[in-house]
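The values are calculated or read from the model by the stated rules, or taken from the named source; none is laboratory data. Being a predicted model, the structure only gives us computed values, none of them experimental. Here Cβ is always computed from backbone atoms with ideal geometry, including for glycine, and neighbour counts include all displayed protein chains. Surface areas here come from the heavy atoms of the whole protein model, side chains and all, with no ligands, DNA or RNA. Shrake-Rupley method; radii C 1.70, N 1.55, O 1.52, S 1.80 Å.
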Protein chains: 2
Amino acid sequence: MNPEKTEEIEFDQPCPIRDVLDRIGDQWSLLVLEALGRKTMRFNELGREIDDISRQMLSRTLRRLEEDGFISRAIFAEVPPRVEYTLTALGRSFLGPLHILTQWADENHGAICKSRKLARLAQSD
Amino acid sequence: MNPEKTEEIEFDQPCPIRDVLDRIGDQWSLLVLEALGRKTMRFNELGREIDDISRQMLSRTLRRLEEDGFISRAIFAEVPPRVEYTLTALGRSFLGPLHILTQWADENHGAICKSRKLARLAQSD
DNA sequence: AAAGACTGGTCTATCTTGTAGACCAATGGA
DNA sequence: TCCATTGGTCTACAAGATAGACCAGTCTTT
């Protein structure tokens, strides 16, 4: 929006919220966290749980969540290999806010769908 | 992940959470909602507030949020044109969950950055 | 014994999404 | 007169996501 402004201002840490939301709000992270909130899971198990995530995105998402300290990765020297993903304390502490969010989503999903349909109708006139 | 499965299962409304998060968790929506939570704003004002959003994405995000019933759009027949965006009741009801989320982000941002730095260090070995 | 499926990923080619920047038409200010 | 402002849209390009092949070793089924 303001190309000159970014040069003027030092943009190290915009605001915590931005930084966190950028990572969390990426289509898959919340889903992965919610799934791992239910139980520790292995890679393919998680893939089946979320179902329509590609292996690559699952891999990337897990790696980022691990980097950010939300989850931990345990590799077992077995054959076939076993890799388990578990929420860390930080990850678990996020379940509260996430639960409130999903609860809101659950309660208001109907209203959103309704609004969406009305908008479609209005558009088609 | 499971290409065959999507044919078997009717995928009308996966789950409310998925549906809502897909819309909300898109880089900009939460930012726009948070900004409009502070006060009603006009298009360019909002653009300046968020600063690094492109006009196109701002436009699209606003349109989607309006469609989903989070915000309302008021056009004033003035010159230069004036368009104001305001949260609806639904939008305002979302501020609670959003606030809890941003509060968590605020409190845990430090831990996340720390974890991120450690990960970078471990990687460079 | 051979074929297939499972493990946890990575790689590449393609498709979709996002961004930057030009552009619009009318008006106010310097 | 020249530039900024209003709320956008359009287009060309860059970045991100996806599908699908592939790997090497083991276990199960036929």
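How large is Rg/Rh for chain B, to two decimals, with Cα atoms and a Kirkwood Rh?
Here the Rg-to-Rh quotient is 1.09.
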| note | For the table A:K39/B:K39; B:K39/B:K114; A:K114/B:K39, the rows whose alpha-carbon distance is greater than 30 Å are A:K39/B:K39; B:K39/B:K114
| message | Quick check: Cα centre of the stretch A:12-46 to Cα centre of the stretch B:100-121, how many Å? | response | 12
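Within a 10 angstrom radius of each residue's Cβ in A:21-34, how many Cβ atoms of other chains show up on average? Whole number is fine.
Values: counts 11, 3, 3, 6, 10, 3, 5, 2, 2, 6, 5, 0, 0, 3.
Per-residue shielding by partner chains comes out at 4.
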| field | Shielding by partners - mean other protein chain Cβ count within 10 Å, residues of B:96-103 | value | 6
| said: Amide H of B:R42 versus every other amide H placed in the peptide plane: which residues, excluding those fewer than 5 positions away on the same chain, fall under 5 Å? | reply: B:Y85
| remark: Computed for A with B: buried accessible area summed over both chains, 1.4 Å probe, rounded to 100 Å², at 4900
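What does the highest-first list of B:22-31, B:71-80 look like by mean Cβ count within 10 Å? Walk me through the numbers on the way to the answer.
Working: B:22-31: 18.8, B:71-80: 10.6.
Averaged packing, sorted descending, gives the order B:22-31, B:71-80.
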| message | Run the simple label-point estimate for A:R92 and A:R60 please: 7 Å along Cα→C-beta, distance reported in nm. | response | 3.1
| remark: Counting sequence-distant residues (5 or more places) and residues on other chains, those with an amide H built under 5 Å from that of A:I71 are A:E66, A:T88
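For a distance above 12 Å, tell me the whole-number percent of Cα pairs in the stretch B:83-125 that qualify. Don't skip to the answer; put the middle values down first.
On the way: 642 of 903 pairs.
For the stretch B:83-125, the fraction of Cα-Cα distances above 12 Å is 71 percent.
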| Interchain or long-range residues, amide H under 5 Å from B:I53's placed H | none
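Quick one: plug the Kirkwood hydrodynamic radius of the protein assembly as shown (C-alpha pairs) into Stokes-Einstein at 20 °C, 1.002 mPa s, and report D in µm²/s. Please list the in-between numbers first.
On the way: Rh = 20.0 Å.
My calculation gives 107 µm²/s for D.
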| field | Contact order normalised by residue count of chain A, Cα under 8 Å, 6+ apart, percent | value | 21
| said: Counting only other chains, and only Cβ atoms inside 10 Å, what mean value do you get across the residues of A:66-73? | reply: 4
| request: Give the carbon-plus-sulfur fraction of the accessible surface of the protein assembly as shown in %, rounded to a whole number; probe 1.4 Å, heavy atoms of protein chains only. | output: 51
